[in-house]
Structure formats: structure tokens, C-alpha cells
Amino acid sequence: MKYILFSILLFSILSLTACSNQDSQEPVNKKELLISSAASLSNVMTELVDTFEEKNPTITISLNFGGSGKLAQQIQQGAPVDVFLSADQKWMDMLDENQLIVSESRVEFAENELVLVGSGENDIKGYSVQDIDFNRFDQIAIGNPDSVPAGSYAKEVLDSLGIWENIQEKLIYAKDVQQVLTYVESQNTDIGFVYESDLYSSGINKITTIDQDWYSPIVYPAAIMATSNAFTEAESFISFLKTDQAQAILQNHGFYN
């Protein structure tokens, strides 16, 4: 009788252990996908990636954020990247011209708007950008126009207003749009140019949304890198960006399409 009871107990323990191990097992052959993404997407990418990985348990994503120009230059220099998400067409065009992306994989998945923000309350809130006297401010934060799309769009605005050359000494260049936000939020600069979507993750004060006639359309392209070793997985992620589910997530973070 004792032997029978012992056998039953041992069988139960082994069964529970086997079930526990089976439940805790990770999917086999998990593939890593390396994505370089514009800094302005940093707040929305966490939700996009979590949703995608939940639907694709055999794929894990690693993210690298930065100014689109800096990321494109890293890719040009041989950085291991599978997918590039840019905040403008210019840097994706550059990679395409150098045959560094799979041209057929390129899609546009989001759009944005440029806004002017300030630190604290401001008596020019609601003004049109052409009615603002930029000479009244000591420091103005923009992304470096040479590598940060938000800075390039801001330069277009200031050029269109005819004041770019006159306010050079007031401009504080940032490495990406997130740094512009930091400068304004910490009151190290009086105002700054960022994206509408940046307001969804910040308590910063919006002065005005800038009329889109003053700058080029802000369009976000995505593409697979020609050197990618995870083409199928990269293709799945880019297809996901165009789904209703992904588009809803982007819209909840201030983007549109």
C-alpha cells in the first residue's frame, strides 16, 4: 500500500513539473529584429512593439532611437539594422540612392504637424507664427537642421518668414526632437519647434500649430535594409504598421495618416 501511495505521489510531482516546464518554455528559434527609429516615435514605439510581439511570439525587437539623419549615417557606415523608420523622406531617399534599402519595401505609415512650444505661460499663445516677434526671445531650440527632420522643417518655416539669418545667435541646436522638448521643459530655452505628437507625452505649453503651408509635408517612411538578415520578420513588421490596429495606436499618440 505504501508503495502504491508513493508511486501515485511521485507521478503527480513529475506531472506538475512537466506542466510547469511546458508553460514556462519560450518559443523556439526566436528571431531578433533590429529597428532604428526616429526619436519622435519613441513614445509610440513601445506600444507598437508590444502589440506586434504579442501577435508574433517568435520575433523579438530591439530599438535604437535618434535623429533620422544620424541614424541614416549609421546605416551608411554599416550599422546592423533591419528596419529604418524615418521622420522625413530626405534621409530615406539618401539610403535608397545608395542602394541601402529594399526599395519595394518602402511605405509611408504616418504623418505629423509642426508646433511651436514655450516654457510656462506665454502671452503669444494662439498667435499665428507669422504674427510672432521672434526677436523678443533670448533662446530658441530647434533640432539640428543638418540631421534632425524637425529642425529642417523649422528652418523652412523661419526661412519662409525671412528671419532665419537674423536670429542665428538665438538658435540652440538639439541632437533630436526629444532634446528640444527637454530644453524647453527645463526652461533652458524660451521656445522650441517640435511635433504635434510630442505634446501627447509632455505637459509642455503649445503656443501655436504652424500652418502646413510654411513647410514640407511631414511624412514618416519605413523600409527594410538591403543587408537585413531578417527580411521575413522585417516585412511582417512593416505590414503591421499599416494595419488598422497599428494606425489606431499611432493616432492615439498624435500621429495621423
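The values are calculated or read from the model by the stated rules, or taken from the named source; none is laboratory data. On a predicted model such as this, the values are computed, not experimentally measured, just so you know. FYI the Cβ positions are ideal-geometry reconstructions off the backbone, even for glycines, and counts take in every protein chain you see.
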Quiz item: Going by the conditions given, is Y183 over 27 Å from V83 (Cα atoms) and either assigned by TED's automatic domain parsing to the domain that holds A39 or assigned to a helix (DSSP H, G or I) (or both)?
Solution: yes
Quiz item: Inside the range 227-246, can you point out the residues that are touching a residue at least 60 places away in the same chain (Cβ under 8 Å) and among the polar types (S, T, N, Q)?
Solution: T227, S228, N229, S236, Q245
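Does D213 meet the test of being charged (D, E, K, R), part of a helix (DSSP H, G or I), at pLDDT below 95 and farther than 30 Å from E53 by Cα?
Working: charged (D, E, K, R): yes; part of a helix (DSSP H, G or I): yes; at pLDDT below 95: yes; farther than 30 Å from E53 by Cα: yes.
For D213, the condition - charged (D, E, K, R), part of a helix (DSSP H, G or I), at pLDDT below 95 and farther than 30 Å from E53 by Cα - is met.
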Quiz prompt | Residue within the range 152-167 that is under 24 Å from Q251 (Cβ atoms) and surrounded by fewer than 19 Cβ atoms within 10 Å (Cβ to Cβ) present | solution = no
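Regarding S201, is this residue in contact with a Ser or Thr (Cβ under 8 Å, 6 or more places away or on another chain) and either closer than 18 Å to F65 by Cα or crowded, with 22+ Cβ neighbours inside 10 Å (or both)? So that I can check it myself, show each step before the final result.
Values: in contact with a Ser or Thr (Cβ under 8 Å, 6 or more places away or on another chain): no; either closer than 18 Å to F65 by Cα or crowded, with 22+ Cβ neighbours inside 10 Å (or both): yes.
Criteria not met by S201.
One residue is enough: does the range 12-23 have a residue meeting the conditions in a strand (DSSP E or B), hydrophobic (A, V, I, L, M, F, W, C) and either at pLDDT below 95 or within 30 Å of A154 (Cα to Cα) (or both)?
Applying the first criterion (in a strand (DSSP E or B)) to the range 12-23 yields none.
For the range 12-23, residues in a strand (DSSP E or B), hydrophobic (A, V, I, L, M, F, W, C) and either at pLDDT below 95 or within 30 Å of A154 (Cα to Cα) (or both): absent.
So that you can scan it fast, the table gives a plain yes or no per residue for (1) more than 26 Å from the chain's Cα centre (by Cα); (2) more than 30 Å from A246 (Cβ to Cβ):
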{"residue": "S105", "(1), (2)": "no, no"}
{"residue": "A110", "(1), (2)": "no, no"}
{"residue": "V115", "(1), (2)": "no, no"}
{"residue": "S128", "(1), (2)": "yes, yes"}
{"residue": "D131", "(1), (2)": "yes, yes"}
{"residue": "S160", "(1), (2)": "yes, yes"}
{"residue": "K170", "(1), (2)": "yes, yes"}
{"residue": "V177", "(1), (2)": "no, no"}
{"residue": "Y183", "(1), (2)": "no, yes"}
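Got a number for residues in the range 216-238 being part of a helix (DSSP H, G or I) and over 17 Å from the mean Cα position of the chain (by Cα)? Even if it seems obvious, please write down each step before you answer.
The initial filter retains those residues of the range 216-238 that are part of a helix (DSSP H, G or I), namely 231-238.
Right, trim to over 17 Å from the mean Cα position of the chain (by Cα) and you get 231-233, 235-236.
Total meeting the criteria: 5.
Here is a check on your reading of the model: is D159 free of Cβ contacts under 8 Å to residues at least 12 places away in the same chain, of a type in the set (D, E, K, R) and not assigned by TED's automatic domain parsing to the domain that holds T58? Before the answer, list the steps.
On the way: free of Cβ contacts under 8 Å to residues at least 12 places away in the same chain: yes; of a type in the set (D, E, K, R): yes; not assigned by TED's automatic domain parsing to the domain that holds T58: yes.
Spelling it out, D159 is indeed free of Cβ contacts under 8 Å to residues at least 12 places away in the same chain, of a type in the set (D, E, K, R) and not assigned by TED's automatic domain parsing to the domain that holds T58.
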Self-check item: Wholly enclosed strands (runs of 3 or more DSSP E) of the range 44-119 bearing at least 1 residues surrounded by fewer than 19 Cβ atoms within 10 Å (Cβ to Cβ) and touching a residue at least 12 places away in the same chain (Cβ under 8 Å)
Solution: 59-66, 107-112
